[in-house]
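The values are calculated or read from the model by the stated rules, or taken from the named source; none is laboratory data. Remember, it's a predicted structure, so these values are computed and weren't measured experimentally. With ideal geometry, Cβ positions are generated from the backbone for all residues, glycine too; neighbour counts draw on all protein chains shown. Calculation scope for accessible area: heavy atoms of the full protein, side chains included, ligands and nucleic acids excluded. Shrake-Rupley method; radii C 1.70, N 1.55, O 1.52, S 1.80 Å.
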Amino acid sequence: FSDIPNFSPRCFSKDTLNDFIAYPRPVWQNVRNRIIFLFSKANRLSGNPALRKACLHDIETVKLHLPVDVPDYTDFYSSRDHATNVGIMFRGKDNALQPNWLHLPVGYHGRSSTIVPSGTPIRRPNGQLQKDKDDPTQGSVYGACKLLDFELEMSLVVGGPPNPLGQPLTVKEANDRIFGFCLMNDWSARDVQKWEYVPLGPFTAKNFATTISPWIITTMALEEFRCPTSAKQQTDPVPLEYLQDPDYSSFNVNLQVAIQGEGMDKPEVLCKSNFANLYWNATQQLVHHSVTGCVMRPGDMLGSGTISGSTESSFGSMLELCWKGTREVPLGSSGQVRKFLRDGDVVVMKGWASKGGGSARVGFGECSGKVLPALKQGETVPVSPPISLSGTERYQNFKLYGYWKSSATWRVRIALQAKGV
């Protein structure tokens, strides 16, 4: 990477991608092109098994962590089908969408401190619950969430240098600031939310856990999968000028959610949707977030909101699939049914972009989490003791050879990191 202008490969020695994605888009493109070249047949890597062994790791032998340190996290509500379904359940068909919904991307601020990588167990939350489901004047009780839900989402990851405080982003600038996307499950405590959301929206019902896939797929890799949104166009009403995207579109990313309950041999698919099922696209979300001059920093994440389609099989949450608890949802051929999530359930989300017909497929990996029981009064979360090794134990008999035996400190650091040192 040494001949890429205005770029230092030292950013790759860090634990996260924040320093790398803080560079502007031309640097991302140059680095991506170089990596593609490194894996091409024309490069010496393809004919050098020893070099490949030093550079590459079997995915089955590594532990994947959060790809970025997330400074801030915002969750949107941008699927018209999802917003309409929820509106019908709680306000009736004639008042399903709030008056502002077609005029701006609705969102709320989440908690970056509880964003976790795929595979992290999720503790069922405790909180305040409405005592009488039909009469809120009766007050609340404290207890474990009974209506735990998943939300099928994708998240954009902001990159590039931060905009100055007070300076909003244009549509073009927003496009250049979207580094890529990952899968997201924004876990939800529906009964906690019902009691607390008036008048300011979700709070503790949404702050306890958000799971993401550890892979960020860049917008550059997704360009060939660009497609119209399910809405096709925004004409009734036409968005305000700052939100008008001349290339109003999305990406053809297939999404699915499966659940594996206790006693089941494998996860069973409950729903299938697509990233294109959003009325407000990712660019518009980022533009609106910055309209007030809000600073958008590299690593910030913007969740899409639940991605539901127009058919029942494409609903992206249990709330919709069971239609507010009025019907049971079968888990494939397992004989089990659900309305909401049970302890021991493993929720598995997957996503991939493909044109079909044997064309190349770009996978997003897996976004999964197992539901653990709520803590009982006085109980604490078990904490694994940290692994502590002395300097002698860590560095005993460690040698570098060939390419890795170098005076270039960054090269030595990469070699040490590859061995877990």
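Rounded to the nearest 5, what is the percent of antiparallel bridges among the DSSP beta bridges in the chain? List each step's numbers first, then the result.
On the way: 52 of 60 bridges.
If we restrict to bridges inside the chain, about 85 percent are antiparallel.
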Specify the residue with the greatest mean-square fluctuation among Gly180, Gly201, Gly356, computed from a Gaussian network of the chain linking alpha-carbon atoms under 10 Å apart.
Gly356
Apply 1/(1 + (r/R0)^6) to the Cβ-Cβ distance of Ser2 and Asp135, taking R0 = 60 Å, and write down the FRET efficiency to the nearest 0.05.
0.30
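Which of the trypsin sites (Lys or Arg not before Pro) found in the range 19-54 are in a DSSP loop and have at most 14 neighbouring Cβ atoms, other than their own, within 10 Å?
On the way: sites: Arg32, Arg34, Lys41, Arg44, Arg52, Lys53; in loops: Lys41.
Qualifying residues, ordered by number: Lys41.
Would you please name the trypsin sites (Lys or Arg not before Pro) within the range 94-167 that are DSSP coil residues with at most 12 other C-beta atoms within 10 Å of their C-beta? Please report the intermediate quantities before stating the final value.
Values: sites: Arg111, Arg123, Lys131, Lys133, Lys146; in loops: Arg111, Lys131, Lys133, Lys146.
Answer in residue order: Lys133.
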Please work out which option in (1) 20.1; (2) 25.2; (3) 35.0 gives mean projected area of the Cα convex hull in nm² calculated from these coordinates, and answer with its label.
(2)
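On average, how much accessible surface per residue is there in the range 63-124, in Å², for a 1.4 Å probe, leaving out ligands, DNA and RNA?
Working: 3130 Å² over 62 residues.
Dividing the accessible area of the range 63-124 by its residue count gives 51 Å².
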Which of Arg91, Arg124, Arg297 moves the most in a Gaussian network model of the chain with Cα springs under 10 Å?
Arg91
Surface share of carbon and sulfur [accessible, 1.4 angstrom probe, percent] for the chain:
54 percent
With springs connecting C-alpha atoms under 10 Å apart, model the chain as a Gaussian network and identify which of Thr219, Thr74, Thr292 has the largest mean-square fluctuation.
Thr292
Relative contact order of the range 44-143 (C-alpha contacts under 8 Å, at least 6 apart) in percent is 22 percent
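Given only helices, namely DSSP H runs of n ≥ 4 each adding -39500 (n - 2.57), what is the per-residue ellipticity at 222 nm of the chain, to the nearest 500 deg cm²/dmol?
Details: 11 runs with 82 residues, N = 421.
Taking each H run of at least 4 residues, the total per residue is -5000 deg cm²/dmol.
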For the chain, which span is the longest to avoid every loop-located (per DSSP) member of GluC sites (Glu not before Pro) having at most 14 other Cβ atoms inside 10 Å?
1-261
The size of the Cβ-based charge dipole (Lys, Arg +1; Asp, Glu -1) of the chain about the Cα centre, to the nearest 20 debye, is 1500 debye
Can you give the relative contact order of the chain as a percent, counting alpha carbon pairs under 8 Å and 6+ residues apart?
20 percent
Solvent-accessible heavy-atom area per residue, rounded to whole Å², over the range 262-356 at 1.4 Å:
37 Å²
